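Student: One structure follows; several queries about it will come next.
The values are calculated or read from the model by the stated rules, or taken from the named source; none is laboratory data. As the structure is a prediction and not an experimental result, all values here were calculated from the model. FYI the Cβ positions are ideal-geometry reconstructions off the backbone, even for glycines, and counts take in every protein chain you see. Just so you know, the surface numbers come from the protein's heavy atoms only, side chains and all, with ligands and any DNA or RNA stripped out. Shrake-Rupley method; radii C 1.70, N 1.55, O 1.52, S 1.80 Å.
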Amino acid sequence: MNILFFVVFFGGMLFSQNNNLDFNDNISLFSNKIKNQSDLAKYAKAEIKWEIKRKNEWIEIKPVNIQGTTSYYEIEQEGDLKEIRAISTVNWYDPPCPDCFWKFTVQYSNDTEFAGHVHKTAPPLKYLSGEDMLNPIESGELKAGQKFIITFKRPLYSTRIKWNVNWIILGWRQYFSVDISDIKVKNLKSLNSGEGYSLVGQTDIHPSNHWVISDFKTDLENIGKLWKQRCPKSDVLYYNDASLIWGGLFDINGNWNSPHIGHDAGLHIDISKKHIRKGNREKALEVMCKNAIVYSEGDSSQNKEIPHYHVIYKNTPGEIINKLEGDYKYIPCCFDNIPQKCIDLESGGQPVEGSLPTESDCL
Ligand SMILES: [Zn+2]
Ligand SMILES: [Zn+2]
């Protein structure tokens, strides 16, 4: 899968290193010599290395952009990747300063609006133990070369995390750096209005809800065009929730749980069933099944959902398809003999009165 591919990079550094200085190792002299950040850069190197854990292996990631003292990282929002860590250290050189220490304070903020959530802030990040992560985080005093490691769980929601780091190194007390880590499904594209379909389901808390991978976008546009050809006089298809701009948890109710199952990677979209005349549904399914895999969802008696077609990308990874097929809620519809449940409109197992005429108005 293209979107699950991850590139391995090498970490950046905040200061450069210079080993050829004749320098007194007295701490106060150090302090006197170091008047600003560029002086500090001659004697010390501070570093934060970001790593993600996949299949029990830590993989280093490199910043995608560096502007001044701000470094930008992108972390793929995907199921296999469960842990993230930042390894920080400071080294200084020529001569050694045995009594010197470094420490930092890290304050993080979690901005989920970048990921498409316009509602109350997300719950805090979690340590692997499940406890809330401290904020701010204090390293305490550490020697040159000693490491301080922050490890946390990848949140299910996508987000921009901004890490403000206040370093104290060799007596210089005003060094700040910022690391920005975007946890996201990369390269999702938004559906725009087009022929044969209409975009619905936008809400105040999730105003942009039609993000999908590029190939699926093309397929959904083709479904609209084909529907328009086959049924030019009938109403358009109504495309409801796909994914948010950065994918990840799609909490329809804005409460950071109640996930919209499957709507986290740009591979799923809900298409209204009740807005398609009953007499047109077989034709609509033919059109959709040519370009995608279609399930009827919300028909089961054990389910109170509004019935709709749950439509997924035709090359969706097998494990996602297996999950859907193993769930009673999803009735597969793409067969030569279309199951009656895919045509009938039921909610909670009960027939629902349609407000539309039932006879077909297709050509
Ligand atoms: Zn939300
Ligand atoms: Zn659905």
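Student: Using a 1.4 Å probe on the protein heavy atoms only, what accessible surface does residue 118 show? Give it in Å² to the nearest 10.
Tutor: About 60 Å², ignoring ligands and nucleic acids.
Student: Let me ask something additional. Can you pull the one-decimal nm distance between simple spin-label points at residue 255 and residue 47, each 7 Å off the Cα toward Cβ?
Tutor: 4.7 nm
Student: Modelled label-to-label distance, residue 111 and residue 166, 7 Å Cα→beta-carbon offset: nm?
Tutor: Label at residue 111, label at residue 166, 2.0 nm between them.
Student: Return the subset of 62/162; 233/329; 55/143 for which the Cα-Cα distance in this structure is over 24 Å, preserving the input order.
Tutor: Beyond 24 Å between Cα atoms: 233/329; 55/143.
Student: Same structure again: Please give the calculated 222 nm ellipticity per residue for the chain, where each DSSP H segment of at least 4 residues contributes -39500 (n - 2.57) and the sum is spread over every residue; nearest 500 deg cm²/dmol?
Tutor: Rounded to the nearest 500, the figure is -4000 deg cm²/dmol.
Student: Another one. Taking all protein chains in place and a 1.4 Å probe, what share, in percent, of the accessible surface of region 53-95 do carbon and sulfur account for?
Tutor: 40 percent
Student: Relative contact order (percent) for the chain, with alpha-carbon contacts under 8 angstrom and 6 or more residues of separation?
Tutor: In percent, rounded to a whole number, it is 13.
Student: Given a 1.4 Å probe and heavy atoms of the protein chains only, how would you sort 126, 55, 120, largest accessible area at the top?
Tutor: 55, 120, 126
Student: Which order do you get for 76, 141 if you rank them by accessible area with a 1.4 Å probe, largest at the top?
Tutor: In descending accessible area the options line up as 141, 76.
Student: Multiplying the sequence separation of residue 103 and residue 62 by 0.36 nm and subtracting their Cα-Cα distance, what value in nm do you get?
Tutor: Details: separation 41, 0.36 × 41 = 14.76 nm, distance 2.32 nm.
So the chain would gain 12.4 nm between residue 103 and residue 62.
Student: Could you state the number of Å between the C-alpha centres of region 198-248 and region 89-157?
Tutor: After rounding, the separation between the Cα centres reads 40 Å.
Student: Using the heavy atoms of the protein chains and a 1.4 angstrom probe, tell me the accessible area per residue for the chain in square angstrom.
Tutor: Value returned for the chain: 49 Å² of accessible area per residue.
Student: With a point put 7 Å past each Cα toward its Cβ, work out how far residue 335 is from residue 149 in nm, to one decimal.
Tutor: Label at residue 335, label at residue 149, 5.2 nm between them.
Student: Next question, about the same structure. What value in Å³ per residue do you get for the convex hull of the alpha-carbon atoms in the chain?
Tutor: Here the figure is 146 Å³ per residue.
Student: How much length would be gained if the chain were fully extended between residue 225 and residue 195, taking 0.36 nm per residue of separation minus their Cα-Cα distance, in nm to one decimal?
Tutor: Details: separation 30, 0.36 × 30 = 10.80 nm, distance 0.55 nm.
Contour length minus the Cα-Cα distance gives 10.2 nm.
Student: Quick one: pull the percent of accessible area on region 165-248 belonging to carbon and sulfur, 1.4 Å probe, ligands and nucleic acids left out.
Tutor: 47 percent
Student: Something else about it: Can you give the accessible area of residue 324 in Å² (nearest 10), computed on protein heavy atoms with a 1.4 Å probe?
Tutor: 10 Å²
Student: Now a separate question. Note the full-extension length gain between residue 39 and residue 69 as 0.36 nm times their separation in residues minus their Cα-Cα distance, in nm to one decimal.
Tutor: 9.3 nm
Student: Here is a further query. Which lysines, if any, have their Cα less than 19 Å from the Cα of residue 217, not counting same-chain residues under 8 positions apart?
Tutor: Partners within reach: 184, 186, 189, 225, 228, 290, 314.
Student: Let me ask something else. Treating cross-link reach as a plain straight distance, find the aspartates and glutamates whose alpha-carbon is under 18 Å from the alpha-carbon of residue 278, omitting any fewer than eight places away in the same chain.
Tutor: Output for residue 278: 235, 270, 286, 297, 299, 336, 344, 346, 353, 359, 361.
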